[in-house]
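One structure is given below, encoded as structure tokens.
The values are calculated or read from the model by the stated rules, or taken from the named source; none is laboratory data. What you see is a predicted model; the values in this text were computed from it and never measured. Every residue, glycine as well, gets a Cβ built from its backbone with ideal geometry; the counts of neighbours run over all protein chains shown.
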């Protein structure tokens, strides 16, 4: 560690009070140049002297603040806590339990540089949140839910810099547990057998506790009533009491008919879900048919009416989602019996006609009995079909050929109610057979029921609603990364509610692209100084050509052009840092180099040169 500034070469302002401020600053700069044997050109010397009067006032009387202690390096800390999958990590310095300095890494944190500016104060009274040379502090690597000790170091002299690469943790006994972690939780860093022990009641070993970010002293780290091991097994977050692993994503079937089997296939966002009926009518049950779970029930005449259902989904005993809905059971019997008198006659035709004309309003049960086209209401088409049924008077309108298609529906869709083979035909070539058309509520002779330009079969395959021209199947479920730093690699991993999603950038700044890395798709971008501020990005998602969702967000690129010292002010200190970098005395981070690359204006050339220093001089002097 080498001191850049010292009490001797500064001699402090107290000793030089008779000098003007201009002379003091000139003395500091000349002293630094001599101390470090810097041989700059005449232009650089003129630069240093000419810049000073615009930075310091000759009438100032306050003491010069203590120079910071700079700690910088590369973060290659790569293990179960900090991995390449982390978009943002924070490097933190703590002293006596208080955070003194921190640095927020950008996207793809592993392998990038960090810099901590640790404020130093050697005079009493000591300013709050400052350090003193010789004090030992701790460096932590943090991310949501995780704060792991990476190491310790001793604070150096005022103005000193220290290159400290964070490359891993100490593991004296080789058991996979950092020594600092073992000491923190009362384990022995020289005993590798304690890694497989379980110090609490959650069935996780100490190694598993470390790998999952939980406490080896608490059986339930997040206090949600479920042990850490149960949550790890279920896929929930043992450090977040609000996490849920299972979500029931299927839409309940809410209509049923007396004496006909009711079946609702359950679906969730993961496999191996255990479903349990919390409340349901007598006789209802969950049936597992080759891994497909469904709620089934055959209601009888006394069950006509509305019934409440509630079902939960869980994995390994951790309840995670409950779905409640109402099921309406209507009377069965003769198809087209609108008035419900058990006979198909002119009274049914008249009742349907009066309802269509608005003269008589039918109740829900009557509408269901007269809704032969099953579009949710009675129309003139239903009236005409009831008339046709009345004229034909077949002996049965239930299911004569046993193909699970009721006779009235087969007649309305041009099929033969006495031919069981037509259930498997695709009459309109839309990718759905006639039985599927009946199941999804579409028509056997119409390939695009909702007239949205996609066939019924395409929409079923994509997960959209073939009955709704505005339905969407895909949702982008990931949360955008909305902040990064100039010069760092930005990456936002895209996630949706189903596989095989095609992502497309709708609008984005130049250089932004979507990258597919082994099936993991992300929005990637290497920013520059021209991208500082707010940038709007919009991405769409689709499956099989069916547009479904668009996500738009603002990405803020932090930094100020020329602010190499990262103190939000462009001044002489930034120029000095660039000079030290060019002479090889310090190594600036990628973020700092990007902010210092100001030449040419609005079109940086990707390198730090004397041209950047001269341009910054003009800005500090007020010429630009």
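Counting only residues that are modelled with pLDDT of 95 or more, surrounded by fewer than 14 Cβ atoms within 10 Å (Cβ to Cβ) and not in a strand (DSSP E or B), the range 505-564 holds 0 of them. Going residue by residue through the range 122-134, is there one that turns out to be assigned to a strand (DSSP E or B) and either in contact with a helix residue (DSSP H, G or I) (Cβ under 7 Å, 6 or more places away or on another chain) or in the same structural domain as residue 102 (by TED's automatic domain parsing) (or both)? The answer is yes; a qualifying residue exists. Total residues in the range 259-270 satisfying the condition of being surrounded by 17 or more Cβ atoms within 10 Å (Cβ to Cβ) and either more than 33 Å from the chain's Cα centre (by Cα) or modelled with pLDDT of 85 or more (or both): the figure is 4.
Applying the condition of being surrounded by fewer than 17 Cβ atoms within 10 Å (Cβ to Cβ) and under 13 Å from residue 143 (Cβ atoms) to the range 60-83 and asking which residue is modelled with the lowest pLDDT yields 80.
In the set (1) more than 15 Å from the chain's Cα centre (by Cα); (2) touching a residue at least 12 places away in the same chain (Cβ under 8 Å); (3) outside any strand (DSSP E or B), residue 480 fails one condition alone, (1). Restricting 256, 317 to residues that are at pLDDT below 90, more than 21 Å from residue 365 (Cβ to Cβ) and either more than 38 Å from the chain's Cα centre (by Cα) or surrounded by fewer than 16 Cβ atoms within 10 Å (Cβ to Cβ) (or both) narrows the list to 317.
If the condition is being in contact (Cβ under 8 Å) with a residue 40 or more places away in the chain and assigned to a strand (DSSP E or B), then the range 253-263 contributes 255, 256, 257, 262.
Taking the criterion of being part of a loop (DSSP other than H, G, I, E, B), on the phi > 0 side of the Ramachandran plot and either at pLDDT 90 or above or in contact with a strand residue (DSSP E or B) (Cβ under 7 Å, 6 or more places away or on another chain) (or both), the only residue of the range 281-313 that qualifies is 283. Of the candidates 186, 156, the single residue that is assigned by TED's automatic domain parsing to the domain that holds residue 99 and more than 29 Å from the chain's Cα centre (by Cα) is 156.
Have a look at 390, 354, 405 and point out the one that is more than 17 Å from residue 305 (Cα to Cα), at pLDDT 85 or above and surrounded by 13 or more Cβ atoms within 10 Å (Cβ to Cβ). Walk me through it before giving the result.
On the way: 390 fails: at pLDDT 85 or above; 405 fails: at pLDDT 85 or above.
Result of the check over 390, 354, 405: 354.
How many residues are farther than 18 Å from residue 411 by Cβ and without any contact (Cβ under 8 Å) to a residue 60 or more places away in the chain if we restrict to the range 359-388? Residues that pass the stated criteria total 10. When you look at residue 226, is it closer than 30 Å to residue 276 by Cβ, crowded, with 19+ Cβ neighbours inside 10 Å and not assigned by TED's automatic domain parsing to the domain that holds residue 323, yes or no? So residue 226 passes the test. Here residue 149 passes the criteria (1) more than 22 Å from the chain's Cα centre (by Cα); (2) modelled with pLDDT of 85 or more except the one numbered (2).
Kindly evaluate residue 601 against the criterion of being closer than 30 Å to residue 508 by Cβ and either out of contact with any helix residue (DSSP H, G or I) (no Cβ under 7 Å at 6 or more places or on another chain) or surrounded by fewer than 17 Cβ atoms within 10 Å (Cβ to Cβ) (or both).
On the way: closer than 30 Å to residue 508 by Cβ: yes; either out of contact with any helix residue (DSSP H, G or I) (no Cβ under 7 Å at 6 or more places or on another chain) or surrounded by fewer than 17 Cβ atoms within 10 Å (Cβ to Cβ) (or both): yes.
Taking the combined requirement at face value, the residue satisfies it.
Mind listing just one residue for me: the one in the range 431-480 that is out of contact with any helix residue (DSSP H, G or I) (no Cβ under 8 Å at 6 or more places or on another chain) and within 21 Å of residue 263 (Cβ to Cβ) and, of those, surrounded by the most Cβ atoms within 10 Å (Cβ to Cβ)? By that ranking, first place goes to 463. Contact map, the range 400-412: residues that are at negative phi and in contact (Cβ under 8 Å) with a residue 12 or more places away in the chain paired with residues that are surrounded by fewer than 18 Cβ atoms within 10 Å (Cβ to Cβ) and not in a loop (DSSP other than H, G, I, E, B), Cβ distance under 6 Å, separation 6+ or inter-chain. Pairs shown: 401/420; 403/420.
Being touching a strand residue (DSSP E or B) at 6+ places or on another chain (Cβ under 7 Å) and surrounded by fewer than 17 Cβ atoms within 10 Å (Cβ to Cβ): is that true of residue 328 here? Before the answer, list the steps.
Numbers: touching a strand residue (DSSP E or B) at 6+ places or on another chain (Cβ under 7 Å): yes; surrounded by fewer than 17 Cβ atoms within 10 Å (Cβ to Cβ): yes.
It is true that residue 328 is touching a strand residue (DSSP E or B) at 6+ places or on another chain (Cβ under 7 Å) and surrounded by fewer than 17 Cβ atoms within 10 Å (Cβ to Cβ).
The one condition from (1) out of contact with any strand residue (DSSP E or B) (no Cβ under 9 Å at 6 or more places or on another chain); (2) crowded, with 17+ Cβ neighbours inside 10 Å; (3) modelled with pLDDT of 75 or more that residue 381 does not meet is (2). Within the range 577-601, the set of residues being without any contact (Cβ under 8 Å) to a residue 60 or more places away in the chain and in a helix (DSSP H, G or I) comprises 577, 578, 581, 582, 596.
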